Amino acid sequence: MFAYVVRRVLATIPVMAVVALFVFSLLYIAPGDPAAVIAGDQATPDDVERIRASLGLDRPYLVRFGAWVFDILRGDLGVSIFTNLPVSLMIKQRLEPTLSLMVVTLILAVSIAVPMGVIAAARVGTFIDKLVMGFAVLGFSVPVFVVGYLLAYIFALELEWLPVQGYTPFSNGFFPWMENLILPAIALGSVYIALIARITRASMLEVLQQDYIRTARAKGAGLRSILFLHALKNAAVPIVTVIGIGIALLIGGAVVTESVFAIPGLGRLTVDAILRRDYPVIQGVVLLFSFTYVLVNLIIDILYTLFDPRIRY
Amino acid sequence: MASASVLSPGDVSAANVAVAAPMGDIMPPVKARHGFWGFLYRNPSIAIGGAIVLTMVLMAIFAPLLTYADPTSLAPARRTREPSAQYWFGTDMLGRDVYSRVIYGARVSLIVGFSVAVLASIAGLTIGLVSGFVRWADSIIMRVMDGMMSIPPILLAIALMALTRGSVQNVIIAITIAEVPRVSRLVRGVVLSLREQPYVDAAVAAGTRTPVIIWRHILPNTIAPMTVQATFICASAMIVESILSFIGAGTPPIIPSWGNIMAEGRALWQVKPYIVFFPAVFLSITVLAVNMLGDGLRDTLDPRMAKRI
């Protein structure tokens, strides 16, 4: 067990190194002079020269990469070209809304999707099953921002139950905070719910065919306890895997959801950075999100051994 | 197929075998449906999805014939008109006709969807095959793919687009790069499992050269899962394109695309929701159709995968 954890942690190092190299190299993959690319179309030669100096383009590639990695390890993500503020500071200021949105979405999605999948599997072939599967296909097909606008139009503009846009910090109280997050969370969660519900159904269908389920039935266990205690526990591994992998969807979707609902988070920071070609900020955000994603999946992999003692590595 | 030939009437007609009475009077007659239409009848999701996709393709091709106004002509005098008999979907902030823009917008979505599906499949097939056959390259390639897969695809496409000028071509390249790692992993998995098949062992034993084995035995078996995968890539590429255009990092604003129209309607959506509504509906229906097509193809072409998901 301990050896496995160590090996698994060590295995993420090359992955993170590739991510870092890729994010660093992006600037040099693009055709043309990287300094001119960052400076954009309206730049003067002076601007290009200033950026060239700040990138240290006169030094060899690998030396630059090494220095960059070293800076990151110290928590220094560089300085924004547009605001001249440290990127790490800009990220810190925008972290809370995004983190709130993601956590609320995650909790909401899992608590809706897993029961949905379980019920669909228990009633396989019936109307309920078809409804859940139909919803799943719909969830995959309707883009996040379309769901967002639809929800905002119905629940905020027409019914006026919830605020249309904006964000209230958690320090202003739980309910104001939640009021602003509920619609974005449902919008962002729609794909995620579809994905988790589908996997839960498939995984449950497989488990429900097992002998021990028939045994549980024969000894008189109630349907609910069979489904949620016996079956769900054994179906958990693929479900938890997909919850981890699906976080990539949440990260990508957050960028758009924050634009629709005017939430001042990392997604908005990314969008603003793109429009201003503020490359250090984009690099910082991509790197942060990717590392978070790798770490979450690492933790999930380690949790497997707790969920399923049969897994031996 | 095999079981059908074993039980064919020819085998049972031997004298010492008891032949059951014809069941025609017990069983209700089943209307046999053969050929193309029978296939569509048995696979409604392929039929419906395919029909919608075909309609959208025709709509994109014949856009000039279907519209009554130039999608890019500005007319500030008639801006933000509500949908009416004259302007079917209304007009936007600059007075452009939303109906014409939505019809023309189908072109960008479909071109991006199909191009990314084809390019990502070709690149993924090549990388997956190399990875599955060249042992020393495998671990290097897969580490790189793992790394790229750790960057959420939309974010990767955004980062790539931030570096280049917005153009349909660059959008296609950016989304393709973001999709390739997943395809490569899929192909590699298929190749590795195919390499264990007895017929591949037999081909190796018979002295068949590796390129011939790949061409004759491996490639044909990757077609079914690749077709299914390509359909889902097409759907996801359409969504990513609309997201990129929506946040202003995709198709340049001069070209009408569904994402662009929504981006332009964003500022006014609380008062003029129809500008966002119509492209959203077209986009959702198209992606839904492609996904339905993919689900149907998976059920018919790749039953093993269908069982898993």
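The values are calculated or read from the model by the stated rules, or taken from the named source; none is laboratory data. In this text, all values refer to a predicted model and were calculated from it rather than measured experimentally. Methodologically, a virtual Cβ is constructed for each residue, glycine included, from the backbone with ideal geometry; neighbour enumeration extends over all protein chains shown.
Please determine whether any residue of the stretch B:103-122 is within 14 Å of another protein chain (Cβ to nearest Cβ), part of a helix (DSSP H, G or I), closer than 17 Å to B:Arg185 by Cβ and without any contact (Cβ under 8 Å) to a residue 12 or more places away in the chain.
no
Considering only residues that are hydrophobic (A, V, I, L, M, F, W, C) and more than 9 Å from every other protein chain (Cβ to nearest Cβ), which ones fall in the stretch A:134-146? Spell out the reasoning first.
At the first step, the residues of the stretch A:134-146 found to be hydrophobic (A, V, I, L, M, F, W, C) are A:135-138, A:140, A:142, A:144-146.
Passing the criteria: A:Phe135, A:Ala136.
So which of A:Arg52, A:Arg94 is away from chain B (no Cβ under 14 Å), at pLDDT below 75 and out of contact with any Phe, Trp or Tyr (no Cβ under 6 Å at 6 or more places or on another chain)?
Answer to the check: A:Arg52.
Name the pairs whose Cβ atoms lie under 7 Å apart, with the first residue in the stretch A:58-82 and touching a residue at least 40 places away in the same chain (Cβ under 8 Å), the second among the aromatic types (Phe, Trp, Tyr), and 6 or more positions between them or separate chains?
So the pair list comes out as A:Phe65/A:Phe24; A:Trp68/A:Phe24; A:Ile81/A:Tyr279.
Suppose we filter A:Ala136, A:Ala156 for residues that are part of a helix (DSSP H, G or I) and crowded, with 19+ Cβ neighbours inside 10 Å; which single one remains?
Working: A:Ala156 fails: crowded, with 19+ Cβ neighbours inside 10 Å.
Only one candidate qualifies: A:Ala136.
Given (1) within 10 Å of chain B (Cβ to nearest Cβ); (2) farther than 23 Å from A:Ser25 by Cβ; (3) more than 14 Å from the chain's Cα centre (by Cα), identify the lone condition not met by A:Val281.
All conditions pass for A:Val281, except number (2).
Matching residues to (1) closer than 21 Å to B:Leu119 by Cβ; (2) in contact with a His (Cβ under 8 Å, 6 or more places away or on another chain); (3) hydroxyl-bearing (Ser, Thr, Tyr):
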position: B:Met238; (1), (2), (3): yes, no, no
position: B:Ser245; (1), (2), (3): yes, no, yes
position: B:Ala249; (1), (2), (3): yes, no, no
position: B:Ile255; (1), (2), (3): yes, no, no
position: B:Ala263; (1), (2), (3): no, no, no
position: B:Asp295; (1), (2), (3): no, no, no
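Conditions: (1) of a type outside the set (Ser, Thr, Tyr); (2) at pLDDT below 85; (3) crowded, with 16+ Cβ neighbours inside 10 Å. A:Gly222 meets all but one. Number of the miss?
Among (1) of a type outside the set (Ser, Thr, Tyr); (2) at pLDDT below 85; (3) crowded, with 16+ Cβ neighbours inside 10 Å, A:Gly222 violates only (3).
Going by what's in this entry, would B:Thr251 be described as surrounded by 23 or more Cβ atoms within 10 Å (Cβ to Cβ) and either more than 13 Å from every other protein chain (Cβ to nearest Cβ) or small (Gly, Ala, Ser) (or both)?
Working: surrounded by 23 or more Cβ atoms within 10 Å (Cβ to Cβ): yes; either more than 13 Å from every other protein chain (Cβ to nearest Cβ) or small (Gly, Ala, Ser) (or both): yes.
Spelling it out, B:Thr251 is indeed surrounded by 23 or more Cβ atoms within 10 Å (Cβ to Cβ) and either more than 13 Å from every other protein chain (Cβ to nearest Cβ) or small (Gly, Ala, Ser) (or both).
So, in the stretch A:42-100, of the ones that are assigned to a loop (DSSP other than H, G, I, E, B) and of a type in the set (Gly, Ala, Ser), which residue ends up surrounded by the most Cβ atoms within 10 Å (Cβ to Cβ)? Show your work before the answer.
Of all residues in the stretch A:42-100, those assigned to a loop (DSSP other than H, G, I, E, B) come to A:42-44, A:56-60, A:74-78, A:80-85.
Still in the running and of a type in the set (Gly, Ala, Ser): A:43, A:56, A:75, A:78, A:80.
Numbers: A:Ala43: 17, A:Gly56: 12, A:Gly75: 8, A:Gly78: 18, A:Ser80: 20.
That would be A:Ser80.
Based on what the data block shows, is B:Ile223 assigned to a helix (DSSP H, G or I), free of Cβ contacts under 8 Å to residues at least 60 places away in the same chain and within 24 Å of B:Val112 (Cβ to Cβ)?
Values: assigned to a helix (DSSP H, G or I): yes; free of Cβ contacts under 8 Å to residues at least 60 places away in the same chain: yes; within 24 Å of B:Val112 (Cβ to Cβ): yes.
Taking the combined requirement at face value, the residue satisfies it.
Within the stretch B:272-284, track down each residue that is more than 8 Å from chain A (Cβ to nearest Cβ) and in contact (Cβ under 8 Å) with a residue 60 or more places away in the chain.
B:Lys272, B:Tyr274, B:Ile275, B:Phe278, B:Pro279, B:Phe282
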